[in-house]
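These notes concern the structure reproduced below.
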Amino acid sequence: MLIEVVNVVILALLAVTALAAVRLNDLFAVTMMFGIYSLLATIMFVVLDAIDVAFTEAAVGVGISTVLMLGTIGLVGRRARKVSHRPILPLIVVIITGAALVYGTLDMPRFTDPTAPVHQHLGPYFLNESPDQIGIPNVVTSILASYRGYDTLGELAVIFTAGIGVLGLLGLRRRKRPGHEGGAR
Amino acid sequence: MTIAGLYNYWIVILLMMTGFYVVIASGNLVKKIIGLNLFQASVFILYISLGKIADGHAPILQAGISNYSNPLPHVLILTAIVVGVATTSLGLALVVRIREAYDTVEEDEIHDQDESM
């Protein structure tokens, strides 16, 4: 019962935070809203039994992402200009997409339903076989590093590629020449 | 029971659409990327919600407990969080680079500069 209440409250707070982030034009405040949002999501993950995800989100989502955004704001300035035109078209697109998604949820198994199809095949297999095949108590770790090890390897490839991309864009600094490329300055 | 059973999904959809709205409606590139992150984090909540079982425990095996939440969505989302930060950092690097070239991060001003060239 407590979990249901916490669940409802945290989700409501998430919604408020996200809507506040939409309305604000100070990028620093928007970033802080994102940090709060990630922190609330972390609490949500603890409530929903995903403690490994909560750890990662707390370190990476709240920590590194926010720091990266703050660093970017430091370089580009913190003022976002107000949108001058009425955002009718984006609103229509968003509402239609949201309505389609809500329609899609009507067929979904109910929240915390143990008979949902997703809990019938791989999940129980991992939970039953992991103690014998891998031998560590944390099933999430054994799936991450062993059953889906290639997935994690692919993840490393993505991070490596992103690192090369960031280095190429910013790190290997060519000296700024006045009036180069496009003469925007 | 229907409303209670679907409440999580509906709020998550609201959050997703909020992020989506920020991405398409705001002209500032940094705010767009923050919107993309909001969208992403709400997708994580959707997946973790799907893995929860009533009266389940965290999937760390202990004697005397037999009811665990599904560990598979947790693993997928662990991977997704890290990949998400990688893409975010690349996007923010692009924003910094655009700022160097155009001296602005507002979409319409960049567009005007491209037109007037």
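The values are calculated or read from the model by the stated rules, or taken from the named source; none is laboratory data. Quick caveat, the model's predicted, so the values are computed rather than measured. Neighbour counts are summed over all protein chains in view; Cβ atoms, including those assigned to glycine, are modelled from backbone coordinates with ideal geometry.
Quick look at the values:
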| read-out | value |
| --- | --- |
| Restricting region A:53-71 to residues that are in contact (Cβ under 8 Å) with a residue 12 or more places away in the chain and surrounded by fewer than 22 Cβ atoms within 10 Å (Cβ to Cβ), the residue that is nearest to B:Ile77 (Cα to Cα) | A:Ala58 |
| Any hit, region A:18-28, residues being touching a helix residue (DSSP H, G or I) at 6+ places or on another chain (Cβ under 7 Å), surrounded by 15 or more Cβ atoms within 10 Å (Cβ to Cβ) and under 30 Å from B:Ile53 (Cβ atoms) | yes |
| Any chance A:Ala12 is touching a residue at least 12 places away in the same chain (Cβ under 8 Å), aliphatic (A, V, I, L, M) and within 8 Å of another protein chain (Cβ to nearest Cβ) | no |
| Given (1) of a type in the set (A, V, I, L, M, F, W, C); (2) modelled with pLDDT under 85; (3) within 22 Å of the chain's Cα centre (by Cα), number of the condition A:Ile143 does not satisfy | (2) |
| Residue check, B:Val82 closer than 28 Å to A:Leu167 by Cβ, among the aliphatic types (A, V, I, L, M) and facing chain A (nearest Cβ under 7 Å) | yes |
| Residues satisfying the stated conditions in region A:105-140, i.e. touching a helix residue (DSSP H, G or I) at 6+ places or on another chain (Cβ under 7 Å) and either touching a residue at least 12 places away in the same chain (Cβ under 8 Å) or under 12 Å from B:Leu72 (Cα atoms) (or both) | A:Val118, A:Leu122, A:Gly123, A:Phe126, A:Leu127, A:Ser130, A:Ile134, A:Val139, A:Val140 |
| Residues located in region A:40-93, provided they are touching a strand residue (DSSP E or B) at 6+ places or on another chain (Cβ under 9 Å), of a type outside the set (A, V, I, L, M, F, W, C) and not in a helix (DSSP H, G or I) | A:Asp49, A:Arg78, A:Arg79, A:Arg81 |
| Residue match in region A:86-107 (condition: farther than 18 Å from B:Val43 by Cα and small (Gly, Ala, Ser)) | no |
| Residue count, region B:58-85 (criterion: without any contact (Cβ under 8 Å) to a residue 24 or more places away in the chain and under 27 Å from A:Arg81 (Cα atoms)) | 1 |
| Region B:55-68 - residue that is in contact with a Pro (Cβ under 6 Å, 6 or more places away or on another chain) and of a type outside the set (Val, Ile, Thr) and, of those, surrounded by the most Cβ atoms within 10 Å (Cβ to Cβ) | B:Pro59 |
| Which listed residue, of B:Ile110, B:Ile98, B:Ile24, is touching a helix residue (DSSP H, G or I) at 6+ places or on another chain (Cβ under 7 Å), more than 8 Å from every other protein chain (Cβ to nearest Cβ) and either surrounded by fewer than 19 Cβ atoms within 10 Å (Cβ to Cβ) or of a type in the set (Asp, Glu) (or both) | B:Ile98 |
| Helices (runs of 4 or more DSSP H) fully within region B:8-117 counting 3 or more residues that are modelled with pLDDT of 90 or more and over 30 Å from A:Val76 (Cβ atoms) | B:29-51, B:71-102 |
| Matching option when the condition is exposed (fewer than 15 other Cβ atoms within 10 Å of the Cβ), within 26 Å of B:Glu106 (Cβ to Cβ) and at pLDDT 90 or above, among A:Gly74, A:Gly35, A:Gly104 | A:Gly74 |
